[in-house]
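Asks: Can you keep this structure in mind? I'll have questions shortly.
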Amino acid sequence: MNPPIFSAHKKEFQLERFILFSDAVFAIAITLLVIELKVPEIDPPITEDKVLHHLAEIFPKFIGFLVSFFLIGLYWTVHHRMFGFVVHYTQRLLWLNLLFLLGIVLMPFTTSFYSEYIFAYLKTPVVLYAFNICYLGIMNYILWKYVSNPRNNLSDNLSKELVNYYSFRALMVPVIFAIMVIAYLYFPQYAIFIPPLIPLVMWIIGRVYKKELKKG
């Protein structure tokens with residue numbers, strides 16, 4: 001068992017700092033995503049055709065931005081839900097959370113790299129982006145398992161059913177991106193449209209989970 005990091009009367013304050021730091025990382029990562037969406041510079045004379053042409057050129061960046069924006073938002077909501085149950089923490093939890101946040105701060109770079117060459121059908125940007133997402137999903141899964149383990153005494157009122165649901169969700173995103181990478185090797189023009197399906201898949205999983213709970 002890990003020794004307490006701080007005295008008991010400071011633990012709540014330190015846990016709050018822990019969560020606020022994580023929220024700041026999420027906020028900065030989402031902000032950095034939009035920096036890549038620069039207003040195109042158009043040589044005069046400026047016409048509607050030129051504006052539309054330049055917008056079409058940066059359209060892939062919009063796709064990458066939207067996918068990553070909702071993915072980071074998804075992970076933030078899950079992280080928010082997870083730490084709503086956390087009442088204690090350990091040194092190991094601090095490091096696991098930091099390793100999870102490593103995947104978040106990498107998102108602006110891998111998103112930019114991926115969206116820059118999305119229609120060039122190059123393998124390296126796609127594999128790097130997918131690896132980033134898979135890493136996040138696996139770390140999210142590890143966090144859920146560590147926080148929910150009764151032996152660690154870190155959480156309160158966290159049911160086994162809820163842990164199983166979020167653990168399953170955590171692994172589904174890496175699975176979808178793994179499928180995308182495999183499909184990309186053979187049908188790149190179709191594989192790039194798989195990531196936008198993630199919100200729909202998460203919604204379906206949520207509906208099935210709620211029905212199973214009602215049956216139980």
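The values are calculated or read from the model by the stated rules, or taken from the named source; none is laboratory data. If you're wondering where the values come from, they're calculated on a predicted model, not measured in any experiment. Cβ atoms come from the backbone with ideal geometry, glycine included; neighbour counts cover every protein chain shown. Heads up: the accessible areas ignore ligands, DNA and RNA and are worked out on the full protein's heavy atoms, side chains in. Shrake-Rupley method; radii C 1.70, N 1.55, O 1.52, S 1.80 Å.
Asks: Does region 21-75 hold any residues that are open to solvent by less than 50 Å² (accessible area, probe 1.4 Å) and either among the acidic types (Asp, Glu) or within 20 Å of residue 121 (Cβ to Cβ) (or both), and which are they?
Replies: Within region 21-75, 23, 58, 60, 61, 63, 64, 65, 67, 68 meet the criteria.
Asks: So for region 81-103 (the condition being under 16 Å from residue 196 (Cα atoms), open to solvent by less than 70 Å² (accessible area, probe 1.4 Å) and at pLDDT below 95), does at least one residue qualify?
Replies: Taking every residue of region 81-103 in turn, none turns out to be under 16 Å from residue 196 (Cα atoms), open to solvent by less than 70 Å² (accessible area, probe 1.4 Å) and at pLDDT below 95.
Asks: Looking only at region 184-216, count how many residues are of a type outside the set (Phe, Trp, Tyr) and over 21 Å from the mean Cα position of the chain (by Cα).
Replies: Going through region 184-216, the residues of a type outside the set (Phe, Trp, Tyr) turn out to be 185, 188-189, 191-192, 194-202, 204-208, 210-216.
Going one step further and asking which of them are over 21 Å from the mean Cα position of the chain (by Cα), we end up with 185, 188-189, 208, 210-216.
Adding up the residues that qualify gives 11.
Asks: Could you list, in sequence order, all residues of region 125-175 that are under 21 Å from residue 94 (Cα atoms), assigned to a helix (DSSP H, G or I) and among the hydrophobic types (A, V, I, L, M, F, W, C)?
Replies: Result: 133, 134, 136, 138, 139, 142, 143, 144, 147, 163, 170.
Asks: Name the one entry in 34, 67, 78 that is touching a residue at least 12 places away in the same chain (Cβ under 8 Å) and under 27 Å from residue 186 (Cβ atoms). Spell out the reasoning first.
Replies: Numbers: 34 fails: under 27 Å from residue 186 (Cβ atoms); 78 fails: under 27 Å from residue 186 (Cβ atoms).
Sole residue among the options that is touching a residue at least 12 places away in the same chain (Cβ under 8 Å) and under 27 Å from residue 186 (Cβ atoms): 67.
Asks: With the requirement that a residue be open to solvent by less than 30 Å² (accessible area, probe 1.4 Å), out of contact with any Gly (no Cβ under 9 Å at 6 or more places or on another chain) and of a type in the set (S, T, N, Q), what does region 111-139 give you?
Replies: Selection gives nothing.
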